[in-house]
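The values are calculated or read from the model by the stated rules, or taken from the named source; none is laboratory data. A quick note: this is a predicted structure, and the numbers were derived from the prediction, not measured. Methodologically, a virtual Cβ is constructed for each residue, glycine included, from the backbone with ideal geometry; neighbour enumeration extends over all protein chains shown.
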Amino acid sequence: MSLDERSTLILTHLLHAKSYVQLEEISEKIKVSKRTIYYDLEKINHWLKEQKLDPVQYIRSSGLYLADSTKNKIPEKIKTLHTWQILGNLIRLFS
């Protein structure tokens, strides 16, 4: 399974986060509903499972979080994604 552009953007955002990320923050940043974020998280977690990595953790009172062990392995695994996804997401994330 491959991640679509929006799922890659969310994963990239979580990868660079220093702490928990609120669903509202991601929802506002990429201008989609929280329900859409939940669907994308299912895709992301499916991809992470295929890569033998821990899923995105969600704690209702804190937000979304990726384990450090997963964060450390994602850069190598993300090479399997299309270059246009990565570049487009970095531009959108940091603009």
Count - residues of segment 39-83 that are touching a strand residue (DSSP E or B) at 6+ places or on another chain (Cβ under 9 Å) and not in a loop (DSSP other than H, G, I, E, B): 7
Determine whether segment 15-33 contains at least one residue that is assigned to a helix (DSSP H, G or I), surrounded by fewer than 18 Cβ atoms within 10 Å (Cβ to Cβ), out of contact with any helix residue (DSSP H, G or I) (no Cβ under 8 Å at 6 or more places or on another chain) and not acidic (Asp, Glu). no
Starting from segment 13-41, keep only residues that are in contact (Cβ under 8 Å) with a residue 24 or more places away in the chain, then list their pairs with residues that are surrounded by 11 or more Cβ atoms within 10 Å (Cβ to Cβ) and of a type in the set (Gly, Ala, Ser) whose Cβ atoms are within a distance under 6 Å, requiring at least 6 positions of separation or different chains. TYR20/SER62; TYR20/GLY63; VAL21/GLY63; GLN22/GLY63; ILE37/SER27; ASP40/SER7
Scanning segment 69-87 for residues that are of a type in the set (Ser, Thr, Tyr), at pLDDT 90 or above and surrounded by 11 or more Cβ atoms within 10 Å (Cβ to Cβ) gives THR70
Note: among LEU66, LEU48, just one is within 12 Å of the chain's Cα centre (by Cα), surrounded by 16 or more Cβ atoms within 10 Å (Cβ to Cβ), over 17 Å from SER2 (Cα atoms) and without any contact (Cβ under 8 Å) to a residue 60 or more places away in the chain, namely LEU66
